[in-house]
Amino acid sequence: MRAVRIAFTAAAALTLASVVMGAVVCATQSGAACPNWPGCYDEQFLPTVRAGLGENPLVEFSHRVVAGLTGPVVLVAAILGRRLPDPRPRRLAWLGLAGAIAAGVFGMLIVRVGIPWWLGMLDLASALVATVAMLLARLLLDGPRWAPGRTARLAWAALGTLAAMHLLGIAVAGPDSFTRCLGWPLGVLDADRWPALQWLRLGLALAAAVLIVLTAVAAATRARTWPALCLLLAEVVLGFALLAGAGGVGVRTAYAVVASLLFGAVAWLAGTTSVRTVVAEPALITG
């Protein structure tokens, strides 16, 4: 079981890390810094070292390394999961592998030929599905009973609302707009498209914040809710900083990273509130 635990833990961490690194690449506009794939340049595989976050090839290449490790580690977890009496973690690992492979293919296409916004939505959806699948797989490793109640339904509603909000960000984002990066909406922007969908994103953001707080209050005695609440507060503070004009690359990157981690924290909260530990009944002693 130790090898299985390590594999599933590493797979869950890497799928979330891939989403976080993708957000960093977007926020720093480093995607075009490595114009070739899989190597960084036509004549050189590794990136050149450059100071600063903005348009840094090392940032883009680091994302490729993390994404490239994710698939094999998830595959190892799925194979090792064959030893488990509970098939749920293994099935979720195969789902996570499919999502990781799809996200990797989309990432390659973005570098080589570019993709339209609707494929960008599929790219992000694949990465988010892989993350949720592997977090749940790790959570179910010890065979708890799946028993979602009212609190779990609140958490899953928050997670679904967050996913819809992030996916719509890619749909409405204008050319080279920061809106396409993972993050909460900063208002209805003239540089972006479809104002009606932008207003919808704002509504989804408000609904997600309310659902996260309600879930945290309801689950306070059953799960660690402080990571989601702290990340939500940090995202709000960083959002106000951006609206106030502190739009440097560091603030933008922190905003995208916190949004990514918040999605992972809400996914974990949804999973932990949906399971019950199975306690073996004591054996009956007869004289």
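Taking every protein chain into account, the 1.4 Å probe leaves Cys26 with about 20 Å² of accessible area, to the nearest ten.
Taking a Cβ cut-off of under 13 Å around Leu92, the surrounding Lys, Arg, Asp and Glu residues balance to a net charge of +3, with basic ones at +1 and acidic ones at -1. Computed on protein heavy atoms with a 1.4 Å probe, the accessible areas place Ile115, Ile79 in the order Ile79, Ile115, largest first.
From the Cα gyration tensor of the chain, with a ≥ b ≥ c the square roots of its eigenvalues, which class applies: rounded if a/c is under 1.5, or else prolate if a/b is larger than b/c, or else oblate? It would help to have the intermediate numbers written out before the result.
Values: a/c = 2.28, a/b = 1.37, b/c = 1.67.
Oblate is the answer for the chain, as a/c is 1.5 or above yet b/c matches or exceeds a/b.
The simple Förster model, with R0 at 22 Å and r as the Cβ-Cβ distance, assigns Arg91 and Leu69 a FRET efficiency of 0.50. Taking a point 7 Å out from the Cα of Trp37 in the direction of its Cβ, the residues of the stretch 45-89 whose backbone N falls within less than 18 Å of it are 45-47, 56-72.
For the stretch 165-232 and the stretch 7-76, write down the distance between their C-alpha centroids in whole Å. The stretch 165-232 and the stretch 7-76 have Cα centres separated by 24 Å. If r is the Cβ-Cβ distance from Arg112 to Val49 and R0 is 22 Å, what FRET efficiency results, to the nearest 0.05? Working from the Cβ atoms, E equals 0.35. Under a model in which nothing but the beta-carbon of Lys, Arg (+1) and Asp, Glu (-1) is charged, the chain shows a dipole of about 1100 debye around its Cα centre. Distant-in-sequence amide contacts of Val275, defined by a placed amide H-H separation under 5 Å and a gap of 5 or more residues or a different chain, comprise Ala147.
Cβ distances below 4.7 Å define possible disulfide partners, and in the chain the cysteines left without one are Cys230. Can you tell me how the stretch 15-154 classifies by the Cα gyration tensor, rounded, prolate or oblate, using a/c under 1.5 as the rounded cut? It is prolate, given that a/c is not under 1.5 and a/b is the larger ratio. Packing, as the average of other Cβ atoms within 10 Å across residues, places the peptides 255-262, 233-240 in the order 255-262, 233-240, highest first. Per residue, the accessible area of the chain comes to 49 Å² when a 1.4 Å probe rolls over the protein heavy atoms.
Just the number, please: carbon plus sulfur as a percent of the accessible area of the stretch 1-89, 1.4 Å probe, no ligands or DNA/RNA counted.
Values: 2980 of 4420 Å².
Looking at the stretch 1-89 in its full context, I get 67 percent from C and S.
Taking a ≥ b ≥ c as the square roots of the eigenvalues of the alpha carbon gyration tensor, the stretch 54-118 is prolate, as a/c is not under 1.5 and a/b beats b/c. Just to verify a number: FRET efficiency for Arg150 and Val237, C-beta to C-beta distance, R0 = 22 Å, to 0.05? Efficiency, from the Cβ-Cβ distance: 0.15.
Note down the magnitude of the dipole of the stretch 145-206 about its Cα centre, charges +1 on Lys and Arg C-beta and -1 on Asp and Glu C-beta and zero elsewhere, to the nearest 20 debye. Write out the running numbers ahead of the final one.
Details: 6 positive and 3 negative charges, 95 e Å.
It comes to approximately 460 debye.
The values are calculated or read from the model by the stated rules, or taken from the named source; none is laboratory data. Computed from a predicted structure; not experimentally measured. Ideal geometry is used to build each Cβ from the backbone, glycine not excepted, and the neighbour counts take in all protein chains shown. Each accessible area value is taken on the protein alone, full model and side chains, heavy atoms only, with ligands, DNA and RNA left out. Shrake-Rupley method; radii C 1.70, N 1.55, O 1.52, S 1.80 Å.
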